[in-house]
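First the structure, in the form of structure tokens, and then the observations on it.
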Amino acid sequence: MSRRYFLNSLVTICLSVILWMNAGATAQAMGGKLPLMNQPAPEFRLPTNTGTGQVALTDYVGKWIVLYFYPKDFTSGCTLEARRFQQDINKYQQRQTEIVGVSADSVDSHAEFCDSEGLKFPLLADTDGKVSKAYGSWMGIYSMRHSFIIDPQGILRATFTDINPTAHSQEVLAELDRLQLVKT
């Protein structure tokens with residue numbers, strides 16, 4: 001086991017214990033309410049793992065977006081979730097859908113994570129949690145595991161909060177199929 005993996009796992013375990021022991025106070029620190037369905041998605045502009053600039057919601061006008069928030073690069077659940085999205089990337093492309101990940105990790109951490117896992121979609125560095133808070137996905141120092149589907153006009157169409165990293169990509173694809181069938 002690598003030192004980085006061990007340390008990230010230890011941080012995740014400690015955070016989980018703290019959240020479990022202090023669930024009421026944690027709910028207050030989680031960034032508030034989820035954005036409203038069928039309303040404009042909260043705007044964002046964050047640095048990307050490429051280190052060559054920032055990515056904004058407006059960059060995706062005319063495309064569907066899966067905006068997913070996750071706690072930490074290189075942790076087991078987050079790695080599994082990212083791998084599943086990458087394995088299904090061609091299915092998302094067939095649905096004219098872009099995948100965008102967000103966590104509080106740095107641009108450098110995201111770049112290493114993408115290189116390590118062969119990820120071909122952007123990861124955004126929300127180091128101050130501002131965007132995570134706007135999406136009701138903030139745990140005080142980490143982003144929560146939440147996902148959102150945003151339509152080509154920037155309208156929030158689906159929210160996922162109870163996520164199993166193993167099955168999540170398939171769940172999102174099924175919801176995209178349902179939403180795109182309704183839209184056509």
Out of (1) part of a helix (DSSP H, G or I); (2) among the charged types (D, E, K, R); (3) over 13 Å from residue 73 (Cα atoms), what's the single condition that is false for residue 157? (1)
Taking the stretch 128-168 and keeping residues more than 25 Å from residue 106 (Cβ to Cβ), of a type in the set (S, T, N, Q) and touching a residue at least 24 places away in the same chain (Cβ under 8 Å) leaves 153, 159, 161, 166
Residue that is surrounded by fewer than 14 Cβ atoms within 10 Å (Cβ to Cβ), closer than 25 Å to residue 62 by Cβ and not basic (Lys, Arg), where the choices are 87, 96: 96
Conditions (1) surrounded by fewer than 17 Cβ atoms within 10 Å (Cβ to Cβ); (2) among the acidic types (Asp, Glu); (3) not in a helix (DSSP H, G or I); number of the one not met by residue 112: (3)
Do you know which of the residues in the stretch 120-136 that are out of contact with any Asp or Glu (no Cβ under 7 Å at 6 or more places or on another chain), crowded, with 20+ Cβ neighbours inside 10 Å and hydrophobic (A, V, I, L, M, F, W, C) is farthest from residue 73 (Cα to Cα)? 131
Only one of (1) part of a loop (DSSP other than H, G, I, E, B); (2) surrounded by fewer than 22 Cβ atoms within 10 Å (Cβ to Cβ) fails for residue 174. Which number is that? (1)
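Each value in this text was obtained by applying a stated rule to the coordinates, not by laboratory testing. No experiment lies behind these values; they were computed from the predicted model shown. Here the Cβ is made from the backbone with ideal geometry for all residues, glycine too, and neighbour counts use every protein chain on show.
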